[in-house]
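Report on the following structure.
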Amino acid sequence: MKAVLLICAAGVGSRMRADRPKQYLEILNKPILTRTVERFYGLDFIERTAVVVSPTDPYVDALGLEELGVEVLRVGGETRAHSVNNGIRKLSESIGEDFWVLVHDAARPIVDPACVERLVKAVEESGAAGGILAEKAVETLKMDDGSGSIERTVDRSRIWRAQTPQLFRASDLICAFEECDPEKITDEASLLEGSGRRIILVEGNPQNIKITRPEDLEAAEQFLSRKSAGMMRIGQGYDSHRLVEGRPLIIGGVEIPHEKGLDGHSDADVLLHAVTDALLGACGLGDIGEHFPPSDPKWKGADSAVLLEKIVELSLEEGWRIENLDATIVAEAPKFKPYKDAIRRRVAEILRIDPSCVSIKAKTNEGMDAVGRREGMMAFAVVLVARQ
Ligand code: MG
């Protein structure tokens with residue numbers, strides 16, 4: 001089965017009492033809507049992803065969803081039902097009405113992809129008209145008498161709490177939308193209930209909460225940080241520069257007396273460049289050339305310490321903490337021993353970590369190759385980062 005994923009992100013989320021709709025609030029430095037979209041990455045039955053937002057939405061562009069291959073449909077309506085209906089109709093303009101659509105709430109950013117897979121498989125194998133993820137009620141349920149007193153206890157054995165995603169044929173939903181009262185529709189399944197068609201319940205995961213109140217945001221944050229706390233990643237970096245006359249030699253942010261200096265667009269700090277690439281690599285954030293293109297005159301003569309500081313800032317924003325750095329400088333001369341400690345302390349300062357977590361080693365190339373002929377220097381670095 002192939003399905004189109006339609007994420008409904010047109011709500012205003014007034015219960016959050018925030019300055020913006022809840023789908024744009026951040027959990028661990030990432031907007032909820034981006035997190036929700038990312039939950040579905042790698043599910044191969046999803047052939048297309050679209051997000052429905054309000055026509056006047058001022059926040060969505062900043063997320064760069066289109067660069068991730070997500071279509072942004074600015075057709076949100078007054079109610080959830082209107083938004084989903086408009087979204088499906090918009091999609092049907094290009095692909096007709098004969099497709100499966102997986103409708104999901106933008107405010108459910110921690111849905112388990114394994115549950116989504118189970119839902120799709122169960123609908124496919126059962127031949128049902130559709131299916132939803134849901135959770136069995138575990139609490140004792142009371143029905144009131146309309147005035148705040150208990151009328152009776154409800155038999156919970158057949159009660160489920162509906163979640164999303166919900167999977168249906170687009171054509172079925174389009175027909176049902178025509179006859180429904182959109183004010184009363186809070187999920188897609190309720191459109192087809194009572195139509196005689198079979199809609200199956202697939203047990204989801206209680207973690208798949210809908211972020212509605214400020215407490216939910218905290219719970220999601222806790223869940224995600226627990227899940228990733230301590231997760232470690234490693235990155236390696238390498239750099240080399242030619243030695244030329246008439247330039248200062250700057251290694252690890254420290255100026256070192258020498259008859260030649262390294263040549264380059266910036267200050268050519270070979271060590272800090274290797275460290276920057278190692279940190280970028282560990283965080284999966286690209287490489288130094290992408291962040292500071294040599295073609296950009298802005299970086300001419302740049303202080304590499306300032307560039308690395310920017311990348312340290314970025315890695316912190318992305319939720320990474322630097323654990324340690326191990327680096328090696330390869331150069332025939334000068335002798336680095338007298339400067340190693342100053343370099344170590346300066347690099348630790350730039351990385352905002354304790355000097356005990358920084359190791360700087362220096363060695364010669366035993367007279368071999370260009371570095372051995374004193375034509376240039378090389379540096380290697382390994383950085384370990386952990387989820388904050
Ligand atoms: Mg370089």
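Miscellaneous remarks
- Number of the condition not met by D341 [criteria: (1) part of a helix (DSSP H, G or I); (2) under 30 Å from G230 (Cβ atoms); (3) more than 16 Å from the ligand (Cβ to nearest atom)]: (2)
- Long-range neighbours under 6 Å by Cβ, at least six apart or interchain, first residue of a type in the set (S, T, N, Q) within segment 294-314, second assigned to a loop (DSSP other than H, G, I, E, B): S304/S266; S304/D267; S304/D269
- Taken together, the residues in segment 313-338 that are part of a helix (DSSP H, G or I) and out of contact with any helix residue (DSSP H, G or I) (no Cβ under 6 Å at 6 or more places or on another chain) amount to 6.
- The set of residues in segment 1-58 that are in contact (Cβ under 8 Å) with a residue 24 or more places away in the chain and polar (S, T, N, Q) comprises Q23, N29, T34, T36, T49, S54.
- Restricting segment 287-340 to residues that are at pLDDT 95 or above and of a type in the set (S, T, N, Q) leaves a set whose member that is farthest from H241 (Cα to Cα) is N324.
- Leading residue by the ranking (nearest to L314 (Cα to Cα)) among those in segment 242-291 that are in a loop (DSSP other than H, G, I, E, B) and among the hydrophobic types (A, V, I, L, M, F, W, C): L285
- Residue in segment 264-271 that is within 17 Å of L351 (Cα to Cα), away from the ligand (no atom under 13 Å from the Cβ) and modelled with pLDDT of 95 or more present: no
- The number of residues in segment 364-388 that are at pLDDT below 95 and either open to solvent by 90 Å² or more (accessible area, probe 1.4 Å) or not in a strand (DSSP E or B) (or both) comes to 1.
- Output for segment 143-172, where each listed residue is assigned to a strand (DSSP E or B) and in contact with an Asp or Glu (Cβ under 8 Å, 6 or more places away or on another chain): M143, D144, I150, E151, W160, R161, A162, Q163, T164, Q166, F168, R169
- Entry remark, segment 66-83: residues being at pLDDT 95 or above and hydrophobic (A, V, I, L, M, F, W, C) number 4 in total.
- In segment 116-143, the qualifying residues are those that are surrounded by fewer than 19 Cβ atoms within 10 Å (Cβ to Cβ) and hydrophobic (A, V, I, L, M, F, W, C), and the one that is nearest to L191 (Cα to Cα) is A129.
- In segment 144-175, residue most open to solvent (accessible area, probe 1.4 Å) [restricted to those that are farther than 30 Å from F99 by Cβ and among the small types (G, A, S)]: S147
- Test: residue in segment 242-254 that is at pLDDT 90 or above, crowded, with 18+ Cβ neighbours inside 10 Å, more than 16 Å from the ligand (Cβ to nearest atom) and farther than 30 Å from R344 by Cα: no
- Which listed residue, of V72, V111, is farther than 19 Å from L173 by Cα and open to solvent by less than 10 Å² (accessible area, probe 1.4 Å): V111
Residue by residue, here is whether (1) under 16 Å from Y238 (Cβ atoms); (2) open to solvent by less than 30 Å² (accessible area, probe 1.4 Å); (3) among the aromatic types (F, W, Y) holds:
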site	(1), (2), (3)
G264	yes, yes, no
D267	no, yes, no
V275	yes, yes, no
A278	yes, yes, no
G281	yes, no, no
K298	no, no, no
D303	no, no, no
L308	yes, yes, no
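- Going through (1) modelled with pLDDT under 95; (2) within 16 Å of the ligand (Cβ to nearest atom) one by one, Q236 falls short only on (1).
- Top-ranked residue in segment 17-55 [being over 19 Å from the mean Cα position of the chain (by Cα) and surrounded by 19 or more Cβ atoms within 10 Å (Cβ to Cβ); ranked as nearest to K121 (Cα to Cα)]: V52
- Among the residues of segment 214-233, those that are outside any helix (DSSP H, G or I) and either at pLDDT 90 or above or buried (at least 16 other Cβ atoms within 10 Å of the Cβ) (or both) comprise M232, R233.
The values are calculated or read from the model by the stated rules, or taken from the named source; none is laboratory data. All values derive from a computational prediction rather than experimental measurement. We place every Cβ from the backbone using ideal geometry, glycine too, and count neighbours over all the protein chains shown. Surface accessibility is based on the protein's heavy atoms, side chains included, excluding ligands, DNA and RNA. Shrake-Rupley method; radii C 1.70, N 1.55, O 1.52, S 1.80 Å.
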